[in-house]
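The values are calculated or read from the model by the stated rules, or taken from the named source; none is laboratory data. Here the structure is a predicted model, which is why all the values come from computation and not from measurement. Note that we place each Cβ from the backbone using ideal geometry, even for glycine, and neighbour counts take in every protein chain shown. The protein model used for the area step is the full one, side chains on, heavy atoms only, and it has no ligands, DNA or RNA in it. Shrake-Rupley method; radii C 1.70, N 1.55, O 1.52, S 1.80 Å.
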Amino acid sequence: MRLRKEQMARYKRYLMSYFRHITLRKVCNLLKVEYKLARNNPDLRNLFPYVLFVEISNVCNLRCPVCQMGQKRIVPRKNLMSIDNYMSLITPLKDYLFQVFLYDWGEPFFNRDIYEIIEFNTSQNIGTVVSSNLNMSIDAKRLVQSGLDHLIISGDGITQEVYEKYRVGGKIDRVLDNLKKLVKAKQEAHSTFPYIEWQCLVHKWNESQLEKIENTVMSLGADEVRFCQMNFFAAEDPQKVEEEWLPQNPKYRVFSSKALSVHKAVRRPCYWLWRTAIVNVNGGITPCCLFDIPDWGNAFDEPFLSVWNNKKYTEARMRSQESNQIRKIKLICDNCNAPFIYK
């Protein structure tokens, strides 16, 4: 029941963020995209994603054991996206974007242009979401002044012993200190933004500490604590990862092999292929954040919409609803068992 309430609250929050950045052109584009998705129509010519994930940093300071970045299994790319490249990417799309998420696999605060990037989004009436392990030095005052809508802090424990089980190389005291600085900067600016969400991956090592995590970070000024499911779609040995990490509480075992085995072959069209895309630091575009795969095209070499409507994207949209058994071509989507794509 709690997970359901958290999900509804999250949808409401994102909806309110959309209203903050709403225009008639954005709404018209969104409705047309959703109409195409509802009809499983792969043709998105002259339509635009209304949410974008842009990885401005392809490096990280931690070695999380179930993360492809932490285990150094990421497709080789350059490390950072320049502000000039970022602006060249966003400018043709700015009239249609409600939000940009400035992360994927890397730690976004490695990019020292992050404040300028957020300020650019704000100037273009685009909301910004950043997810960080917050183990780096940050300019809390400038971050508040930048217009950042939403900051997600990844923290899976409140004591160092539990925290470092997953956030290998991280220091929980440093994270909590940065949280305090951000809350103080918000208070001094008389601002309610950024909305601060503490996000905790629930695993067997921290499931007894969840109440303590929530009480501690909320008392320090976080706006929300969200307990998330661990997924391991890209793990080399999913069964081994499941045995090592999944908690006992069935509420947090959605991605277990046992839970996934009950899924029927009937799939919904995957909304990632219609609503959004991942843009990597080199301009390469990939379809979703669950798998790190070779780029489907490059937004720095050709117009974004040319990639978003190329053969790979069109084929994936056309066939994303088919079961793996009857599909005549192989897609990266074949390996995806995300519950939201099943009826």
Specify the residue with the greatest mean-square fluctuation among Gln229, Gln239, Gln199, computed from a Gaussian network of the chain linking alpha-carbon atoms under 10 Å apart. Gln239
Quick one: pull the percent of accessible area on the chain belonging to carbon and sulfur, 1.4 Å probe, ligands and nucleic acids left out. 53
Estimate the FRET efficiency between Asn79 and Glu302 by the formula 1/(1 + (r/R0)^6), using the beta-carbon distance for r and 35 Å for R0, to the nearest 0.05. 0.95
Phi-based couplings in Hz for region 192-206 (Karplus 6.51, -1.76, 1.60; Gly and Pro marked x): 9, 10, x, 5, 9, 10, 8, 10, 10, 6, 7, 9, 5, 7, 10
Bridge orientation stat for the chain from DSSP, antiparallel percent rounded to 5, came to 20
Full extension from Lys204 to Ser219: what is 0.36 nm times the residue separation minus their Cα-Cα distance, to one decimal in nm? 2.9 nm
Given labels modelled 7 Å from the Cα in the Cβ direction, how far is it in nm from Ile22 to Tyr271? 1.7
So, relative contact order of the chain in percent, Cα under 8 Å, 6 or more apart, is 18
From the phi angles alone, apply the Karplus equation (6.51, -1.76, 1.60; θ = phi - 60°) to region 124-141 and give each ³J(HN,Hα) in whole Hz, x where the residue is Gly or Pro. 9, 6, 10, x, 10, 10, 10, 10, 9, 7, 6, 9, 10, 5, 10, 9, 4, 5
Within region 178-218, the residues whose backbone N lies under 14 Å from a label point placed 7 Å from the Cα of Thr159 along the Cα-to-Cβ direction are 205-213
With each label point set 7 Å from Cα along the Cα-Cβ vector, what nm distance links Tyr35 and Arg63? 5.3
Ranked highest first by average number of other Cβ atoms within 10 Å, how do 173-179, 310-316, 40-46, 111-117 line up? 111-117, 173-179, 310-316, 40-46
Once Ile83, Ile90 are ranked on solvent-accessible area with the largest value leading and a 1.4 Å probe, the list reads Ile83, Ile90
Rounded to the nearest 500 deg cm²/dmol, what is the calculated helix-only ellipticity per residue at 222 nm for the chain, with -39500 (n - 2.57) per DSSP H run of length n ≥ 4? -10500 deg cm²/dmol
If the chain between Arg226 and Arg112 were fully extended at 0.36 nm per residue, the gain over the current Cα-Cα distance would be 38.3 nm
The chain accessible area per residue, 1.4 Å probe, protein heavy atoms, integer Å², reads 47
Between Ser137 and Ile293, what's the calculated FRET efficiency when r is the beta-carbon distance and R0 is 22 Å? Round to 0.05. 0.10
